[in-house]
Amino acid sequence: MYQINALNGELLKHESAAFSGGFLGEVSPVFSETVVALDSTGLILLTVSFQNGMISFQQTPISNLVKDSFGPAKIIPSSVTGIFAIKMNAVTIVIRVTDENKLEVVEKTNHETSISDALPISEGQQAFALVQRAGPEIHLRVKLAHSWDDNLLKESVKMDQHRGLVHKIYINNYIRTDKSYGFRALIVMEDHSLLLLQQGEIVWSREDGLASIIDVTTSELPVERDGVSVAKVEHNLFEWLKGHMLKLKGTLMLASPQDIAAIQSMRLKNSEKSKMTRDHNGFRKLLIVLTRAGKLFALHTGDGHIVWSYLLQSLQKSKVCQHPIGLNLYKWQVPHHHAMDENPSVLVIGKCGPSSDAPGALSFVDTYTGKELSSLSLVHSVAQVIPLPYTDSTEQRLHLLIDADKHAHLYPKTPEAISIFEREFSNIYWYSVEDDNGIIKGHALRGKCTGEVADEVCFDTRELWSIVFPSESEKIIATVTRKLNEVVHTQAKVIADQEVMYKYISRNILFVATVALKGSGEIGSVTPEESWLVAYLIDTVTGRILHRVTHHGSQGPVHAVFSENWVVYHYFNLKAHRYEMSVIEIYDQSRADNKDVWKLVLGKHNLTSPISLYSRPDVITKLQSYFFTHSVKTIAVTSTTKGITSKQLLIGTIGDQVLALDKRFLDPRRTVNPTQAEKEEGIIPLTDSLPIIPQSYVTHALRVEGLRGIITVPAKLESTTLVFAHGVDLFFTQLAPSRTYDSLTDDFNYALLLITIVALVAAIFLTWTLSERKELQENWR
């Protein structure tokens, strides 16, 4: 106990006392000089008093208060004077502390209970709220702190089951017209949604769980069916007539406010953007997002509305899983559009606790309906997930889950999946990164598991190679690799003088950034001489280091993106006191005999010869560094369906905006005075800094508050990519890095085109008629 002078911070008195039983969990203050705690067993309540400058303990076994108590208890914190609550398994017990520090049970319930903080409503009076979830309803009571038996307010509200339990509650009061007190309650649910309750109704609700997205994937919408029933035609005809009548009333300024609202809702309903079917350009999709609260949302890319949401049972707190954590989302089943018997589904992977050996949990969710198809509680942990490029006859994608003991587990657990996996057994490699130890390892499969973990879908692994960075000089701060689904249009790159360079395309290249041990702190915490940054390109099959470059006097943090045969990374240059961005491009020299374009045209090349990663690669690298104005939160790259369109870097700046930067500005072949051939190729003259063009901000004047990630999804239209940025805010847009060269713009004048075609056809017929008449006249002569 410390007694401190609030004016000058002087320590007036210090007392301490030992309690042999120890303490457990949180402490709840009940009076200004009294707190309540639990002993280390969780079976005895301790009332700790600080009266008269002395510390005293009073022990009360919970069994004396509740006869049928069992198991350790947990204190539910509260700031209400004289009131606190404990939870034992599924039972919540509310206890009052008297002036003599005696404990009295005032309520016992089997429902989850949350207690608000105390709210002063008049001199010497405090009110507080209790809220309980009972099935589909929430029961809200507001009481006075000194009078438990009387209710200032008692209400029940029906609630969506997929919001989970009540997490927290806050109240405030207002004066009604009859001079009595009214109360509003702001409730935070288990799924992190917010609800305002007043007079027995939900005034408004917000899905604030979307402010903590941890992973995103996409799903195609269903194909629009051909053929419409007669009933639907009649309904559509009625809606069409009704809509035109409302529009006519609006034009004549006779529409009421209800009619205007109906017109706006019909416009939104009939909008092509919000239709729940695919479009031929691939702009309409479902964004499936997983939040930190363990809730899945399906967002429509057309207008951003929530199609469905589902709080996963496997990621809810339970007796079996006390601390569930959502990890990742993966596409599980993606049926072709002509086989619509099955809906697409996603795999949600989580685990029960923060430790590396915590058991995992799997959920399979239908992306069209939001229904959980099935769930699995795993007996093994999930340290790493490897989506394999193989699918079975039902188009379920095979996934390999690596546990903390380095055993590999195959899903789905079907004979067909096992058969496919065994055929590709020798072609499966992966790597693991131990940041704290500075070790990168390569792994492969060895055979079926033996011993206690023996299973048909369990496989032992073997270590192929390892790279150990010296802990006294280097620390791993960033790793990045290519997207598994990235499409590369061509390996050849035609440069000046009609020569060809060949990109070194491999899905098994890993970019690793390390920094000096002293330079691993905040920017500016070391001198340029004490810090350096090293970038590596590593082949993850063989462990061979393909390239290594050192940036002296540089420091992290490092943000990087890997695409095709190049990697771009952002860091801080201590010598120049500025941020920098560097680019490394890697090319395959083993194809050097195919530099002539005519050899490619005539088929005289060796591009079809087999390639093995175990043969020493003949590669060259080109690199360049540029100053960059902004600090960076994240970096992504645009992706298109065929990989033809030029790339743009999408940079999440410290100002929570997204900047689109053409990859040509980060071409390592840039020179101060490019030749005429290089200018024709599109090489930009070299400058020391990358340009920040205000018109290049994808978010324009908007800010994506708390920006954490940028996701790019290819549309069916090759020129267009879909961009989704998430943080506290969500932002979605369509981006055309090379402009929309394969489609007409929205403001294209179709009427002028039609008139031009009609005029040309008429002119053709007219000239043909005149020509025939002239020819006939000449023949008569």
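Side notes on the structure shown:
- Filtered residues of the range 666-680 (kept if assigned to a helix (DSSP H, G or I) and open to solvent by 20 Å² or more (accessible area, probe 1.4 Å)): Gln676, Ala677, Glu678, Lys679, Glu680
- Filtered by the rule that a residue be charged (D, E, K, R) and under 16 Å from Trp332 (Cα atoms), the range 391-431 gives Asp392, Glu395, Arg397, Lys413, Glu416.
- Hits in the range 26-43 (condition: open to solvent by 30 Å² or more (accessible area, probe 1.4 Å) and either farther than 20 Å from Leu65 by Cα or among the acidic types (Asp, Glu) (or both)): Glu26, Phe31, Ser32, Glu33
- Annotation: of all residues in the range 363-377 being β-branched (Val, Ile, Thr) and not in a strand (DSSP E or B), the one that is farthest from Ser219 (Cα to Cα) is Thr369.
- Where Leu210 falls short, out of the listed (1) modelled with pLDDT of 80 or more; (2) under 30 Å from Phe84 (Cβ atoms): (2)
- Tally, over the range 72-108, of residues that are open to solvent by 10 Å² or more (accessible area, probe 1.4 Å) and more than 38 Å from the chain's Cα centre (by Cα): 13
- Ala576 open to solvent by less than 10 Å² (accessible area, probe 1.4 Å) and modelled with pLDDT of 85 or more: no
- The range 475-494: number of residues that are under 30 Å from the mean Cα position of the chain (by Cα) and assigned to a loop (DSSP other than H, G, I, E, B): 8
- Of the residues making up the range 387-435, those that are under 28 Å from the mean Cα position of the chain (by Cα) and among the small types (Gly, Ala, Ser) number 3.
- Condition check for Val561: crowded, with 21+ Cβ neighbours inside 10 Å, in a strand (DSSP E or B), out of contact with any helix residue (DSSP H, G or I) (no Cβ under 9 Å at 6 or more places or on another chain) and not acidic (Asp, Glu): yes
Let's see how each residue does on (1) at pLDDT below 85; (2) closer than 28 Å to Asp150 by Cβ:
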residue: Gly9; (1), (2): no, no
residue: Gly21; (1), (2): yes, no
residue: Leu24; (1), (2): yes, no
residue: Leu38; (1), (2): no, no
residue: Ser69; (1), (2): yes, yes
residue: Ser79; (1), (2): yes, yes
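- Leu722 surrounded by 10 or more Cβ atoms within 10 Å (Cβ to Cβ), under 22 Å from Phe562 (Cα atoms) and in contact with a Ser or Thr (Cβ under 6 Å, 6 or more places away or on another chain): no
- Selection count where residues are under 15 Å from Arg482 (Cβ atoms) and assigned to a strand (DSSP E or B), scope the range 635-648: 3
- When Asp497 is tested against (1) in contact with a helix residue (DSSP H, G or I) (Cβ under 7 Å, 6 or more places away or on another chain); (2) part of a strand (DSSP E or B), only condition (2) is not met.
- From the list Ile683, Ile711, Ile692, the one residue that fits, being surrounded by fewer than 18 Cβ atoms within 10 Å (Cβ to Cβ) and of a type in the set (A, V, I, L, M), is Ile692.
- Failed item, numbered, when Glu775 is tested on (1) assigned to a helix (DSSP H, G or I); (2) open to solvent by 80 Å² or more (accessible area, probe 1.4 Å); (3) modelled with pLDDT of 90 or more: (3)
The values are calculated or read from the model by the stated rules, or taken from the named source; none is laboratory data. Everything numeric in this text was worked out from a predicted model, so none of it was measured. For neighbour counting, all protein chains shown are included, and Cβ atoms are generated from backbone atoms with ideal geometry for every residue, glycine included. Accessible surface is based on the protein model in full, side chains and every heavy atom, while ligands, DNA and RNA are left aside. Shrake-Rupley method; radii C 1.70, N 1.55, O 1.52, S 1.80 Å.
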